[in-house]
Protein chains: 2
Amino acid sequence: MSDKTSVFLDDLAIGQEYQSQQYQLDKEQIISFAKQFDPQPFHTDEAAAEHSFFQGLAASGWHTAAITMKLLVGSLPIGNGLIGAGVDVQWPRPTRPNDTLRVVSKIIEITPSRSKPDRGIVTVECRTLNQNDDVCQKMLTKIVVMRRP
Amino acid sequence: MSDKTSVFLDDLAIGQEYQSQQYQLDKEQIISFAKQFDPQPFHTDEAAAEHSFFQGLAASGWHTAAITMKLLVGSLPIGNGLIGAGVDVQWPRPTRPNDTLRVVSKIIEITPSRSKPDRGIVTVECRTLNQNDDVCQKMLTKIVVMRRP
(Lines give C-alpha, C1' and ligand atoms only; values in the text may rest on other atoms or scores of the structure.)
Protein backbone atom coordinates (compact mmCIF):
# COMPACT_ATOMS: atom_id res chain seq x y z
CA MET A 1 0.00 0.00 0.00
CA SER A 2 3.00 2.27 0.14
CA ASP A 3 3.15 4.79 -2.69
CA LYS A 4 4.23 8.38 -3.12
CA THR A 5 1.03 9.73 -1.56
CA SER A 6 1.24 7.53 1.55
CA VAL A 7 1.90 9.19 4.86
CA PHE A 8 3.67 7.76 7.89
CA LEU A 9 4.01 8.79 11.52
CA ASP A 10 6.52 11.59 10.95
CA ASP A 11 4.43 13.10 8.14
CA LEU A 12 1.44 13.72 10.41
CA ALA A 13 0.78 16.91 12.38
CA ILE A 14 -1.97 17.86 14.77
CA GLY A 15 -4.73 19.76 13.00
CA GLN A 16 -4.26 18.20 9.56
CA GLU A 17 -7.57 17.54 7.85
CA TYR A 18 -8.57 15.02 5.19
CA GLN A 19 -11.76 15.15 3.10
CA SER A 20 -13.35 12.01 1.68
CA GLN A 21 -15.29 11.44 -1.48
CA GLN A 22 -19.09 11.36 -1.28
CA TYR A 23 -21.21 8.25 -0.81
CA GLN A 24 -24.79 8.04 -2.06
CA LEU A 25 -27.07 6.05 0.21
CA ASP A 26 -30.53 4.77 -0.67
CA LYS A 27 -33.43 2.89 0.88
CA GLU A 28 -32.48 -0.44 -0.65
CA GLN A 29 -28.97 -0.35 0.82
CA ILE A 30 -30.34 0.58 4.26
CA ILE A 31 -32.81 -2.31 4.27
CA SER A 32 -30.32 -4.81 2.86
CA PHE A 33 -27.65 -4.04 5.45
CA ALA A 34 -30.18 -4.05 8.28
CA LYS A 35 -31.67 -7.40 7.26
CA GLN A 36 -28.17 -8.89 7.48
CA PHE A 37 -26.89 -7.23 10.63
CA ASP A 38 -29.48 -5.11 12.46
CA PRO A 39 -32.93 -6.57 11.76
CA GLN A 40 -35.10 -4.11 13.66
CA PRO A 41 -38.31 -2.67 12.10
CA PHE A 42 -37.08 0.94 12.14
CA HIS A 43 -34.19 -0.15 9.88
CA THR A 44 -35.98 -2.71 7.68
CA ASP A 45 -39.61 -1.63 7.24
CA GLU A 46 -40.53 1.82 5.97
CA ALA A 47 -44.11 1.74 7.28
CA ALA A 48 -43.19 0.45 10.75
CA ALA A 49 -40.39 3.00 10.94
CA GLU A 50 -42.88 5.89 10.64
CA HIS A 51 -44.28 5.10 14.09
CA SER A 52 -40.94 4.31 15.72
CA PHE A 53 -38.44 6.28 17.79
CA PHE A 54 -36.84 7.40 14.50
CA GLN A 55 -40.09 8.60 12.85
CA GLY A 56 -39.05 7.23 9.49
CA LEU A 57 -36.61 4.75 8.02
CA ALA A 58 -33.11 5.18 9.45
CA ALA A 59 -29.88 3.39 8.63
CA SER A 60 -28.37 1.16 11.28
CA GLY A 61 -25.63 3.07 13.06
CA TRP A 62 -23.33 0.19 12.08
CA HIS A 63 -24.17 0.83 8.45
CA THR A 64 -23.19 4.48 8.86
CA ALA A 65 -20.00 3.29 10.57
CA ALA A 66 -19.21 0.84 7.77
CA ILE A 67 -19.75 3.50 5.08
CA THR A 68 -17.53 5.83 7.09
CA MET A 69 -14.79 3.20 7.04
CA LYS A 70 -15.09 2.85 3.28
CA LEU A 71 -14.72 6.62 2.91
CA LEU A 72 -11.75 6.66 5.28
CA VAL A 73 -9.93 3.94 3.34
CA GLY A 74 -10.13 6.23 0.32
CA SER A 75 -9.17 9.45 2.07
CA LEU A 76 -6.75 8.81 4.95
CA PRO A 77 -3.57 7.71 3.15
CA ILE A 78 -1.75 6.02 6.03
CA GLY A 79 1.12 3.99 4.52
CA ASN A 80 0.57 0.88 6.62
CA GLY A 81 -3.20 0.93 6.17
CA LEU A 82 -5.92 1.85 8.62
CA ILE A 83 -5.60 -0.37 11.67
CA GLY A 84 -7.88 0.70 14.49
CA ALA A 85 -7.05 -0.14 18.07
CA GLY A 86 -10.28 1.28 19.38
CA VAL A 87 -13.06 3.72 18.60
CA ASP A 88 -15.62 5.86 20.32
CA VAL A 89 -18.69 6.42 18.15
CA GLN A 90 -21.74 8.62 18.60
CA TRP A 91 -24.73 9.01 16.30
CA PRO A 92 -26.19 12.46 17.00
CA ARG A 93 -28.84 12.10 14.27
CA PRO A 94 -30.11 9.30 12.03
CA THR A 95 -28.76 8.63 8.56
CA ARG A 96 -31.68 8.57 6.12
CA PRO A 97 -32.46 7.15 2.65
CA ASN A 98 -30.99 9.33 -0.11
CA ASP A 99 -28.47 10.99 2.19
CA THR A 100 -25.15 11.83 0.56
CA LEU A 101 -22.43 11.16 3.10
CA ARG A 102 -18.84 12.36 3.35
CA VAL A 103 -16.23 12.22 6.08
CA VAL A 104 -13.95 14.95 7.39
CA SER A 105 -11.02 13.61 9.43
CA LYS A 106 -8.76 15.64 11.66
CA ILE A 107 -5.55 14.55 13.39
CA ILE A 108 -5.94 15.45 17.06
CA GLU A 109 -3.23 13.54 18.94
CA ILE A 110 0.05 11.82 18.04
CA THR A 111 1.67 9.55 20.60
CA PRO A 112 4.89 7.74 19.66
CA SER A 113 5.08 4.31 21.25
CA ARG A 114 7.59 3.94 24.07
CA SER A 115 7.91 0.20 23.80
CA LYS A 116 7.84 -0.04 19.97
CA PRO A 117 9.93 2.78 18.45
CA ASP A 118 8.84 1.95 14.88
CA ARG A 119 5.28 3.15 15.44
CA GLY A 120 2.84 5.40 17.27
CA ILE A 121 -0.81 5.78 18.07
CA VAL A 122 -2.62 8.60 16.27
CA THR A 123 -6.04 9.81 17.39
CA VAL A 124 -8.27 10.93 14.54
CA GLU A 125 -11.63 12.67 14.86
CA CYS A 126 -13.90 11.64 11.98
CA ARG A 127 -17.17 13.46 11.36
CA THR A 128 -19.63 11.86 8.94
CA LEU A 129 -21.75 14.59 7.38
CA ASN A 130 -24.85 14.50 5.21
CA GLN A 131 -25.68 16.81 2.30
CA ASN A 132 -26.83 19.53 4.74
CA ASP A 133 -23.58 19.31 6.73
CA ASP A 134 -25.46 17.75 9.65
CA VAL A 135 -23.23 15.43 11.66
CA CYS A 136 -24.70 11.91 11.48
CA GLN A 137 -21.75 10.24 13.17
CA LYS A 138 -18.88 11.49 15.27
CA MET A 139 -16.03 9.10 15.86
CA LEU A 140 -12.76 9.24 17.72
CA THR A 141 -10.44 6.50 16.58
CA LYS A 142 -6.97 5.47 17.67
CA ILE A 143 -4.98 4.04 14.80
CA VAL A 144 -1.59 2.37 14.64
CA VAL A 145 0.75 4.34 12.38
CA MET A 146 4.25 3.14 11.50
CA ARG A 147 7.30 5.29 10.91
CA ARG A 148 8.40 5.50 7.28
CA PRO A 149 10.12 2.22 6.41
CA MET B 1 -41.64 -5.41 19.34
CA SER B 2 -43.35 -5.63 22.74
CA ASP B 3 -44.22 -9.17 23.77
CA LYS B 4 -44.19 -11.17 26.96
CA THR B 5 -40.41 -11.67 26.91
CA SER B 6 -39.61 -7.99 26.36
CA VAL B 7 -37.92 -6.10 29.15
CA PHE B 8 -38.16 -2.41 29.97
CA LEU B 9 -36.25 -0.04 32.21
CA ASP B 10 -37.72 -1.24 35.51
CA ASP B 11 -37.05 -4.88 34.65
CA LEU B 12 -33.30 -4.36 34.36
CA ALA B 13 -30.80 -4.74 37.18
CA ILE B 14 -27.07 -4.21 37.32
CA GLY B 15 -25.18 -7.45 36.78
CA GLN B 16 -27.82 -9.18 34.64
CA GLU B 17 -26.25 -11.16 31.81
CA TYR B 18 -27.59 -12.18 28.43
CA GLN B 19 -26.09 -14.86 26.16
CA SER B 20 -26.49 -14.75 22.39
CA GLN B 21 -26.76 -17.52 19.85
CA GLN B 22 -23.64 -18.45 17.88
CA TYR B 23 -22.63 -17.04 14.51
CA GLN B 24 -20.50 -19.00 12.07
CA LEU B 25 -18.07 -16.84 10.11
CA ASP B 26 -16.15 -17.89 7.01
CA LYS B 27 -13.60 -16.52 4.56
CA GLU B 28 -16.17 -15.62 1.93
CA GLN B 29 -18.18 -13.45 4.32
CA ILE B 30 -15.02 -11.68 5.51
CA ILE B 31 -13.91 -10.86 1.98
CA SER B 32 -17.39 -9.86 0.81
CA PHE B 33 -17.95 -7.43 3.71
CA ALA B 34 -14.46 -5.96 3.34
CA LYS B 35 -14.83 -5.40 -0.40
CA GLN B 36 -17.95 -3.36 0.31
CA PHE B 37 -16.84 -1.41 3.37
CA ASP B 38 -13.18 -1.92 4.30
CA PRO B 39 -11.22 -2.71 1.13
CA GLN B 40 -7.74 -3.21 2.57
CA PRO B 41 -5.57 -6.18 1.53
CA PHE B 42 -5.41 -7.72 5.02
CA HIS B 43 -9.24 -8.06 4.87
CA THR B 44 -9.74 -8.95 1.19
CA ASP B 45 -6.73 -10.96 0.01
CA GLU B 46 -5.62 -14.10 1.79
CA ALA B 47 -2.09 -14.10 0.33
CA ALA B 48 -1.42 -10.41 0.96
CA ALA B 49 -2.78 -10.78 4.49
CA GLU B 50 -0.06 -13.33 5.36
CA HIS B 51 2.59 -10.61 5.19
CA SER B 52 0.52 -7.90 6.87
CA PHE B 53 0.19 -6.59 10.42
CA PHE B 54 -2.45 -9.29 11.01
CA GLN B 55 -0.32 -12.20 9.70
CA GLY B 56 -3.31 -13.79 8.00
CA LEU B 57 -6.79 -12.88 6.81
CA ALA B 58 -8.71 -10.94 9.46
CA ALA B 59 -12.27 -9.64 9.45
CA SER B 60 -12.78 -5.89 9.39
CA GLY B 61 -13.47 -4.70 12.92
CA TRP B 62 -16.67 -3.21 11.52
CA HIS B 63 -17.71 -6.66 10.34
CA THR B 64 -17.18 -8.02 13.86
CA ALA B 65 -19.20 -5.07 15.16
CA ALA B 66 -22.04 -5.70 12.68
CA ILE B 67 -22.19 -9.41 13.57
CA THR B 68 -22.20 -8.42 17.23
CA MET B 69 -25.22 -6.20 16.56
CA LYS B 70 -27.03 -9.07 14.86
CA LEU B 71 -26.39 -11.30 17.88
CA LEU B 72 -27.52 -8.55 20.26
CA VAL B 73 -30.80 -8.04 18.41
CA GLY B 74 -31.52 -11.72 19.05
CA SER B 75 -30.41 -11.80 22.68
CA LEU B 76 -31.05 -8.46 24.42
CA PRO B 77 -34.87 -8.31 24.57
CA ILE B 78 -35.35 -4.58 25.17
CA GLY B 79 -39.03 -3.79 24.55
CA ASN B 80 -38.44 -0.62 22.54
CA GLY B 81 -35.63 -2.14 20.48
CA LEU B 82 -31.90 -1.55 20.64
CA ILE B 83 -31.25 2.13 20.10
CA GLY B 84 -27.65 3.08 20.71
CA ALA B 85 -26.73 6.62 21.72
CA GLY B 86 -23.03 5.88 21.61
CA VAL B 87 -20.46 3.11 21.81
CA ASP B 88 -16.88 2.51 22.76
CA VAL B 89 -15.38 -0.43 20.86
CA GLN B 90 -12.03 -2.18 21.17
CA TRP B 91 -10.74 -5.09 19.14
CA PRO B 92 -8.15 -6.85 21.33
CA ARG B 93 -7.57 -9.60 18.74
CA PRO B 94 -8.55 -10.24 15.12
CA THR B 95 -11.63 -12.19 14.12
CA ARG B 96 -10.57 -14.97 11.72
CA PRO B 97 -12.16 -17.15 9.02
CA ASN B 98 -14.13 -20.04 10.56
CA ASP B 99 -14.44 -18.39 13.94
CA THR B 100 -17.68 -19.12 15.75
CA LEU B 101 -18.74 -15.94 17.51
CA ARG B 102 -21.12 -15.29 20.39
CA VAL B 103 -21.84 -12.29 22.56
CA VAL B 104 -22.16 -12.06 26.33
CA SER B 105 -23.85 -8.85 27.48
CA LYS B 106 -23.91 -7.50 31.01
CA ILE B 107 -25.90 -4.59 32.41
CA ILE B 108 -23.42 -2.33 34.18
CA GLU B 109 -25.19 1.00 34.72
CA ILE B 110 -28.82 2.22 34.76
CA THR B 111 -29.46 5.96 34.71
CA PRO B 112 -33.07 7.19 34.62
CA SER B 113 -33.42 10.36 32.57
CA ARG B 114 -34.08 13.51 34.57
CA SER B 115 -35.61 15.43 31.69
CA LYS B 116 -37.60 12.55 30.15
CA PRO B 117 -39.21 10.46 32.93
CA ASP B 118 -40.44 7.79 30.49
CA ARG B 119 -36.94 6.49 29.78
CA GLY B 120 -33.37 5.97 30.90
CA ILE B 121 -29.91 5.27 29.59
CA VAL B 122 -28.54 1.78 30.23
CA THR B 123 -24.86 0.97 29.80
CA VAL B 124 -24.22 -2.54 28.56
CA GLU B 125 -20.84 -4.26 28.29
CA CYS B 126 -20.81 -6.64 25.32
CA ARG B 127 -17.99 -9.11 24.84
CA THR B 128 -17.75 -10.88 21.50
CA LEU B 129 -16.04 -14.22 22.02
CA ASN B 130 -14.72 -16.81 19.60
CA GLN B 131 -14.86 -20.60 19.98
CA ASN B 132 -11.85 -20.50 22.34
CA ASP B 133 -13.48 -17.85 24.54
CA ASP B 134 -10.95 -15.28 23.34
CA VAL B 135 -12.38 -11.77 23.37
CA CYS B 136 -12.37 -10.44 19.77
CA GLN B 137 -14.34 -7.31 20.58
CA LYS B 138 -15.18 -5.48 23.76
CA MET B 139 -17.89 -2.87 23.54
CA LEU B 140 -19.49 -0.50 26.00
CA THR B 141 -22.76 0.80 24.65
CA LYS B 142 -25.28 3.26 26.02
CA ILE B 143 -28.80 2.38 24.95
CA VAL B 144 -32.10 4.22 25.33
CA VAL B 145 -34.55 2.07 27.33
CA MET B 146 -38.16 3.10 27.89
CA ARG B 147 -40.26 2.38 30.95
CA ARG B 148 -42.97 -0.24 30.45
CA PRO B 149 -45.78 1.41 28.45
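The values are calculated or read from the model by the stated rules, or taken from the named source; none is laboratory data. These numbers come from a predicted model, not from an experiment. Every residue, glycine as well, gets a Cβ built from its backbone with ideal geometry; the counts of neighbours run over all protein chains shown. These area figures cover heavy atoms from the full protein model, side chains too; ligands, DNA and RNA do not enter into them. Shrake-Rupley method; radii C 1.70, N 1.55, O 1.52, S 1.80 Å.
In the condition set (1) in contact with an Asp or Glu (Cβ under 7 Å, 6 or more places away or on another chain); (2) within 27 Å of B:Thr44 (Cα to Cα); (3) of a type outside the set (D, E, K, R); (4) surrounded by fewer than 21 Cβ atoms within 10 Å (Cβ to Cβ), A:Asn98 is compliant with all but (2). Scanning region B:96-143 for residues that are touching a Ser or Thr at 6+ places or on another chain (Cβ under 9 Å), over 25 Å from A:Lys138 (Cβ atoms) and of a type in the set (S, T, N, Q) yields B:Asn130, B:Gln131. Restricting attention to region A:34-47, the residues that are more than 8 Å from chain B (Cβ to nearest Cβ) and open to solvent by less than 20 Å² (accessible area, probe 1.4 Å) total 2. Going residue by residue through region A:16-31, is there one that turns out to be touching a Gly at 6+ places or on another chain (Cβ under 6 Å) and within 12 Å of chain B (Cβ to nearest Cβ)? No; the residues of region A:16-31 include none that is touching a Gly at 6+ places or on another chain (Cβ under 6 Å) and within 12 Å of chain B (Cβ to nearest Cβ). If we scan region B:51-71, do we find a residue that is more than 20 Å from the chain's Cα centre (by Cα) and of a type in the set (D, E, K, R)? Scanning region B:51-71, I find no residue that is more than 20 Å from the chain's Cα centre (by Cα) and of a type in the set (D, E, K, R), so the answer is no. Summed over region A:80-118, residues that are modelled with pLDDT under 95 and touching a Leu at 6+ places or on another chain (Cβ under 8 Å) total 1.
When region A:81-112 is filtered for residues that are part of a loop (DSSP other than H, G, I, E, B) and within 14 Å of chain B (Cβ to nearest Cβ), the ones remaining, listed by number, are A:Gly81, A:Leu82, A:Ile83, A:Trp91, A:Pro92, A:Arg93, A:Pro94, A:Thr95.
Going residue by residue through region A:114-135, is there one that turns out to be among the acidic types (Asp, Glu) and in a helix (DSSP H, G or I)?
Here is the first cut: in region A:114-135, the residues among the acidic types (Asp, Glu) are A:118, A:125, A:133-134.
Subsequent filtering for residues that are in a helix (DSSP H, G or I) retains none.
No.
Does B:Val144 meet the test of being of a type in the set (Val, Ile, Thr), more than 16 Å from A:Trp62 (Cα to Cα) and not in a loop (DSSP other than H, G, I, E, B)? Working first, answer last.
Values: of a type in the set (Val, Ile, Thr): yes; more than 16 Å from A:Trp62 (Cα to Cα): yes; not in a loop (DSSP other than H, G, I, E, B): yes.
Criteria met by B:Val144.
Which one is farthest from the other protein chains (Cβ to nearest Cβ) among residues in region A:48-76 that are in a helix (DSSP H, G or I) and without any contact (Cβ under 8 Å) to a residue 24 or more places away in the chain? Here the answer is A:Glu50.
Scanning region A:119-148 for residues that are within 13 Å of another protein chain (Cβ to nearest Cβ) and open to solvent by 70 Å² or more (accessible area, probe 1.4 Å) gives A:Lys138, A:Leu140, A:Lys142. Remark: pairs (first residue in region A:11-25, over 14 Å from A:Ser105 (Cβ atoms); second residue of a type in the set (Gly, Ala, Ser); Cβ separation under 9 Å; 6+ apart in sequence or on different chains) = A:Asp11/A:Gly79; A:Leu25/A:Ala59.
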